[in-house]
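Supplied in C-alpha cells, the structure appears directly below.
The values are calculated or read from the model by the stated rules, or taken from the named source; none is laboratory data. Quick caveat, the model's predicted, so the values are computed rather than measured. Quick reminder, even Gly has a Cβ in these numbers, built from the backbone with ideal geometry, and neighbours come from all protein chains shown.
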Amino acid sequence: MSSTETEILNQLRTVHRRVALWYYLAVAYGWIIVQAGFLVLLIPKITDNYDGMDIKLPQVTKALVAASDWMAGHNPGQTMPGWMIAVPLAFIVLTLSAVLFRRVTILLALIPILAIASLIGELFLLLAPLYQLSDTLTQ
C-alpha cells in the first residue's frame, strides 16, 4: 500500500470516529429528552387515574412515580423541577464519556435498545396495576 493510500485510510478513520461520536451523542441526547418528557409530562397524567381507584401500587411503580414527581417539581417544598438539574447533568456526563472514551461502537448498539426497553418498562410499570398484572407476576 502506498503512502497516499495509507494517508487517505487514516483520514477516513478519523472522519468515521467523528461521525460515530456525533451519532452517539445525538441518539443519547434524544433519549434523555424523551425520558425527561416521559417523566415530566406523561407519567403525572397516567398516575392521576390511580387517585380514585382502590389499587395497591407495587414498590417499583411507586418509585417511578416519586422520580416523576421530583422531575416535574411536584414535591412539597421543591423550589425547582428536577429536570433542570438532571438533563444538563446527563448531557455533561454523556459528552465527557464520549470525549474521554473514544471507542463508542458498543454504545452505538446499546443506546437505542436501552431507550426502547426503558420506555416499554416504564409504561408496563404504570399500566400493570390497572390490569392487576403486578399481582399475578409477583405470586
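Quickly run through region 48-102 and pick out the residues that are hydroxyl-bearing (Ser, Thr, Tyr), assigned to a helix (DSSP H, G or I) and either at positive phi or surrounded by fewer than 17 Cβ atoms within 10 Å (Cβ to Cβ) (or both).
Keep residues of region 48-102 that are hydroxyl-bearing (Ser, Thr, Tyr), which gives 50, 61, 68, 79, 95, 97.
Okay, now just the ones that are also assigned to a helix (DSSP H, G or I), so 50, 61, 68, 95, 97.
Within region 48-102, TYR50, THR95, SER97 meet the criteria.
Taking only pairs six or more apart or across chains, which ones have beta-carbon atoms under 8 Å, a first residue in region 106-117 that is in a helix (DSSP H, G or I), and a second residue that is surrounded by 13 or more Cβ atoms within 10 Å (Cβ to Cβ) and modelled with pLDDT under 75?
Short answer, once both residue conditions are applied: LEU108/ALA20.
Also, quick follow-up: Which condition breaks for GLN11 when tested against (1) exposed (fewer than 12 other Cβ atoms within 10 Å of the Cβ); (2) in contact with a helix residue (DSSP H, G or I) (Cβ under 9 Å, 6 or more places away or on another chain)?
Condition not satisfied by GLN11: (2).
Sticking with this structure for a sec: Quick test for you: out of ILE33, ILE43, pick the one residue that is outside any loop (DSSP other than H, G, I, E, B), modelled with pLDDT of 80 or more and surrounded by 15 or more Cβ atoms within 10 Å (Cβ to Cβ).
Details: ILE33 fails: surrounded by 15 or more Cβ atoms within 10 Å (Cβ to Cβ).
None of the others qualify; the one that does is ILE43.
Looking only at region 49-96, which residues are touching a Phe, Trp or Tyr at 6+ places or on another chain (Cβ under 9 Å) and among the small types (Gly, Ala, Ser)?
Answer for region 49-96, where residues must be touching a Phe, Trp or Tyr at 6+ places or on another chain (Cβ under 9 Å) and among the small types (Gly, Ala, Ser): SER68, ALA72, GLY73, GLY82, ALA86, ALA90.
This table checks each residue for (1) more than 13 Å from the chain's Cα centre (by Cα); (2) within 26 Å of VAL15 (Cβ to Cβ).
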| site | (1), (2) |
| --- | --- |
| GLY30 | no, yes |
| ILE33 | no, no |
| PHE38 | no, no |
| TYR50 | yes, no |
| MET53 | yes, no |
| GLN59 | yes, no |
| VAL65 | yes, no |
| MET80 | yes, no |
| SER97 | yes, yes |
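Out of (1) of a type in the set (Phe, Trp, Tyr); (2) assigned to a helix (DSSP H, G or I); (3) modelled with pLDDT under 90, the odd one out for TYR131 is which?
Here TYR131 meets the rest and fails (2).
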